[in-house]
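Chemist: Next up is a structure, given as structure tokens.
Coordinate-derived values only; no laboratory data. This is a predicted model, so every value here is computed, not measured. Backbone-built Cβ (ideal geometry, glycine too); neighbour counts: all protein chains shown.
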Amino acid sequence: FYRGTDIVKAIAMGANAVGLGRLEAWAMAAGGAPAVVQCLDLLKAEITEVLALCGVNSFKELDESFVTDAQPAVPPSVYSAFPLLNLENKGY
């Protein structure tokens, strides 16, 4: 996961944990240990903000009702973040 929103969505949908390895690796490569600390601080701030926008104070208050289907603003293409996204398959 790369964003606080991703983490909050995963927890809301029932995850007990999330993986963050690549995010920290990028931070470490970009600026060493101080960059990893800053990266985690930013992630914590994003999570706190998302929880506040959801109207909750903790992960314990989240459930699947906080996550809904939404159509992409732009259809998937070669240049999009998810070029192989199949919108017909709800199980992706």
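Chemist: Starting from the Cα gyration tensor of the chain, take the square roots of the eigenvalues, sort them a ≥ b ≥ c, and report rounded, prolate or oblate (rounded when a/c is under 1.5, otherwise prolate if a/b is larger than b/c, else oblate).
Modeler: Oblate, because a/c is 1.5 or more while a/b does not exceed b/c.
Chemist: Per residue of the range 61-71, in order, report the coupling 6.51 cos²θ - 1.76 cosθ + 1.60 (Karplus, θ = phi - 60°) as ³J(HN,Hα) in whole Hz, putting x for Gly and Pro.
Modeler: 7, 7, 8, 5, 5, 7, 10, 10, 5, 8, 7
Chemist: Only Cα pairs under 8 Å and at least 6 apart count here; give the relative contact order of the chain as a rounded whole percent.
Modeler: This gives 31 percent for the chain.
Chemist: Net charge around Val37, counting only other residues with Cβ within less than 12 Å of its Cβ (Lys, Arg = +1; Asp, Glu = -1)?
Modeler: For residues surrounding Val37, the net value is -1.
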